[in-house]
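Everything below concerns the one structure shown next.
No lab work stands behind these numbers, since they all come straight from the coordinates. No experiment lies behind these values; they were computed from the predicted model shown. Using ideal geometry, Cβ is built from the backbone for each residue, glycine included, and neighbour counts are taken over all protein chains shown.
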Amino acid sequence: MKVLQIMVLCLCLHSLSGATAPKICACALKPTLLINFASKDTCMIWPGACLEVSHLNSPSWVHVVRNGKIMQGWRKSFQIKLCQHQQSCPKIITRKEWGALKPKARTPLSTPVKYAVIHHSDTPKCHSKMKCIERVRSIQEYHMHHNHWSDIGYNFLIGSDGNVYEGRGSDTVGAHTKFYNSQSIGICVIGNYSSSRPNWPSLIALKRLLSCLKNNKKLKNDYSLKGHRDLSPTKCPGKYLYNNITHWPHYKY
Ligand SMILES: [Zn+2]
């Protein structure tokens with residue numbers, strides 16, 4: 001019980017009639033990511049959301065990631081029984097909604113692809129839908145008019161407002177990682193993560209988008225999660241975002 005309180009989970013213990021193990025309800029007080037390294041499964045618990053957990057004997061079976069850090073020290077471990085949020089796709093702000101310019105050309109992406117590549121925009125963050133729309137438009141403007149690309153380079157973008165913004169989407173080849181565009185989906189978290197940490201809403205949105213792309217067969221079941229710096233000589237996606245994703249189950253160097 002004490003350990004769980006440190007994990008910012010509130011517990012309610014009930015006896016389950018007819019069951020051998022007691023039923024344990026865990027409610028998150030703030031967004032909390034649970035990772036099961038044994039099954040490579042993850043799930044995000046939202047504030048107020050409850051899940052059912054049960055005791056297991058092997059230690060260190062579940063880790064909790066909070067504020068970008070893995071919180072170790074579980075004396076006992078728990079099995080996640082209920083995690084409906086993992087299944088649901090995040091809301092995606094469409095190109096029409098953010099007022100995208102028409103692409104000059106499109107190359108179809110053959111899915112499912114092998115890689116998800118994470119980027120940062122190396123721009124200030126945006127914390128409201130209005131500001132993020134402004135930012136996404138200016139990134140598209142820069143990519144099309146300065147870089148002379150056919151469209152915004154990324155397949156998706158994520159704001160600190162917790163929204164996902166459709167870039168080229170999951171059916172069009174992006175322009176974000178040289179030599180890997182036709183076998184990857186590029187996701188840009190708006191902000192500069194060499195100098196600041198990504199916030200929770202953006203990390204939750206990123207996790208949910210990755211699950212959604214896998215569930216919808218846009219990413220292979222055994223896809224590799226990469227930071228841009230793993231594939232090109234760049235600091236992208238910044239050390240703070242990079243240090244985060246390297247703890248995620250699909251991450252492969
Ligand atoms: Zn990048």
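Kindly establish whether I139 is touching a helix residue (DSSP H, G or I) at 6+ places or on another chain (Cβ under 8 Å), within 16 Å of the ligand (Cβ to nearest atom) and within 30 Å of K252 (Cβ to Cβ).
no
From (1) within 12 Å of the ligand (Cβ to nearest atom); (2) within 22 Å of V136 (Cα to Cα), pick out the condition that doesn't hold for L231. Of (1) within 12 Å of the ligand (Cβ to nearest atom); (2) within 22 Å of V136 (Cα to Cα), only one is false for L231: (2). May I ask you to verify whether I245 is surrounded by 19 or more Cβ atoms within 10 Å (Cβ to Cβ), more than 28 Å from M144 (Cα to Cα), within 13 Å of the ligand (Cβ to nearest atom) and β-branched (V, I, T)? For I245, the condition - surrounded by 19 or more Cβ atoms within 10 Å (Cβ to Cβ), more than 28 Å from M144 (Cα to Cα), within 13 Å of the ligand (Cβ to nearest atom) and β-branched (V, I, T) - is met.
Answer with yes or no whether K102 is part of a loop (DSSP other than H, G, I, E, B) and buried (at least 20 other Cβ atoms within 10 Å of the Cβ).
No, not satisfied.
Can you name every residue in the stretch 176-209 that is away from the ligand (no atom under 11 Å from the Cβ) and among the aliphatic types (A, V, I, L, M)? Across the stretch 176-209, the qualifying residues are I185, I190, L203, I204, A205, L206, L209.
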